[in-house]
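Notes for the one structure printed next.
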Amino acid sequence: MEKLIGKIIRIDLDIYVINIQDTNNIVFAKARGNAKKNNAILVGDIVEVEKVNQDYMITKVIDRLNSLIRPPVSNIDQMIIVVSLGAPVPDYILLDKQIVLCLAKGIEPIICLNKIDLCDKDLQAKNDLEYIKNTYENLGIKICYVSAKEKIGLEELKSFLYGKTSAFSGNSGVGKSSITQEILNDYPKTIDIGEIGQKSKRGKHTTKSVNLYALNNNTYILDTPGFSSYELYDVEHKELRNYYKEFINCNCDYDDCAHVIEADTVCDVKRKVQNGKIDKGRYERYVYIYDKLKERYDKRYK
Ligand SMILES: Nc1nc2c(ncn2[C@@H]2O[C@H](COP(=O)(O)OP(=O)(O)OP(=O)(O)O)[C@@H](O)[C@H]2O)c(=O)[nH]1
Ligand SMILES: [Mg+2]
Ligand SMILES: [Zn+2]
């Protein structure tokens, strides 16, 4: 019986595609029953594999650095949050939720603003680009401005990826797979493990499973399926404020100020929103997300 170590690069129903560490071989493995439940094995996991005759069986998942449910990945250094300027237009609540989740999990969020080619014709696209630049650069978040279609900004994006494991995340259609493909085109040796996206009935390629690609032996990128809804699991309303950098230096009268129901005479965050020091949109979305999380909390504990 042979024991091997490898990285999960893809999961197709109950088949685990594994890149074996020392040989760089790709093997297809199974896992015991209980391993399949509750995302017990994720793309990005390092696993122990046993070879019995011609069959491979996963026997152990090595402790993770971190793991996410949406997208379902593990051992991530960075999240490339893809936002597109059109089809679909930016969803700022979704963007803020993804940033919060990254900060809660110790993962660096990077915004990848895609489809900047649309700025030429579309005034709204131009305004969104300005808004994102002004709002999120101030928060110290790296932003790259990309057009997968026109091959713009890909060098800068690639410079963020070296030596790291980066998952692409974002709602459906923003261009995660188009961007990953552009990057992979520069790495012809990357093993092609199958289809990037299946064509749906509407003729669109939509990604159905997470795919991990090794650009070299310490750089990995993960293409993930887009989502239409996004719940902030693992984050409670009371801690939400900790993930807003613009709130950190505010001097509210109460240490436990949630910056929501408190009066603006005692809440410095509210004052800063009023005098334009904190972006109003970011604040309003914060209140919206806070209310949703509180609702969920109240339901759970009533
Ligand atoms: N105009 C323009 N269109 C783009 C660009 N990048 C991608 N698209 C188009 O956007 C559509 C969706 O792209 P995908 O790469 O499949 O998006 P995705 O994020 O992988 O979508 P899911 O897999 O469903 O989550 C396709 O029709 C692409 O051709 C771009 O830079 N500019
Ligand atoms: Mg895709
Ligand atoms: Zn406050």
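Values quoted throughout were computed directly from the atomic coordinates according to the rules given, and no laboratory measurement underlies them. Note that this is a predicted model, so its numbers are computed, not measured. With ideal geometry, Cβ positions are generated from the backbone for all residues, glycine too; neighbour counts draw on all protein chains shown.
Could you give the longest part of the chain that holds none of the chymotrypsin sites (Phe, Trp or Tyr not before Pro) found in DSSP loops with at most 14 neighbouring Cβ atoms within 10 Å?
Longest gap between qualifying sites, sites excluded: 1-161.
Restricting to lysines 8 or more places apart or on different chains, can you count the pairs in the range 1-61 with Cα atoms under 15 Å from each other?
10
Restricting to Cα pairs below 8 Å that are 6+ residues apart, what does the relative contact order work out to for the chain? Please round to a whole percent.
Relative contact order here is 14 percent.
In nm, what is the difference between 0.36 nm times the number of residues separating residue 186 and residue 50 and their Cα-Cα distance?
Length gained, residue 186 through residue 50: 45.6 nm.
So which lysines can residue 302 reach, going by Cα to Cα under 23 Å and dropping same-chain residues fewer than 8 places off?
List returned: 238, 292, 294.
So for each of 259-265, 40-46, 64-70 I average, over its residues, the number of other beta carbons within 10 Å; can you give me the resulting order with the highest mean first?
40-46, 64-70, 259-265
Expressed as an acute angle from 0 to 90° and rounded to the nearest 10, what is the orientation of the C-alpha long axis of helix 280-301 relative to the principal long axis of the chain?
70
Pop the C-beta distance of residue 87 and residue 13 into the FRET formula with R0 = 51 Å and round what comes out to the nearest 0.05.
Efficiency at R0 = 51 Å is approximately 0.95.
For helix 92-105, report the angle its Cα long axis makes with the longest principal axis of the Cα atoms of the chain; keep it between 0 and 90° and round to the nearest 10°.
70
Which loop-located GluC sites (Glu not before Pro) does the range 89-175 contain, where loop means any DSSP state but H, G, I, E or B and the Cβ has at most 13 other Cβ atoms within 10 Å?
Within the range 89-175, the qualifying GluC sites (Glu not before Pro) (loop, at most 13 other Cβ atoms within 10 Å) are 150.
I want to check the label-to-label distance for residue 297 and residue 59. Put each point 7 Å from Cα in the C-beta direction and report it in nm to one decimal.
About 4.5 nm, to one decimal.
Could you tell me the center-to-center distance, by alpha carbons, between the range 254-276 and the range 7-85 in angstrom?
45
Just going by the charge dipole of the chain, with Lys and Arg at +1 and Asp and Glu at -1 on Cβ, which of 174, 146, 185 is farthest out on the positive end?
About the Cα centre, the residue reaching furthest to the positive side is 174.
Report the FRET efficiency, 1/(1 + (r/R0)^6), for residue 288 and residue 242, where r is their Cβ-Cβ distance and R0 is 22 Å, rounded to 0.05.
Taking R0 as 22 Å, the efficiency between residue 288 and residue 242 is 0.80.
Less than 14 Å Cβ to Cβ from residue 224, Lys/Arg counted +1 and Asp/Glu -1: what total charge do the surrounding residues give?
Cβ neighbours under 14 Å give a net charge of +3.
Label points 7 Å out from Cα along the Cβ direction at residue 21 and residue 256: separation in nm?
The two pseudo-label positions are separated by 4.6 nm.
Per DSSP H run of n ≥ 4, the term is -39500 (n - 2.57); total these for the chain, divide by its residue number, and report the mean residue ellipticity at 222 nm rounded to 500 deg cm²/dmol.
It lands at -8000 deg cm²/dmol.
Report the antiparallel proportion of the DSSP beta bridges in the chain as a percent, rounded to a multiple of 5.
60
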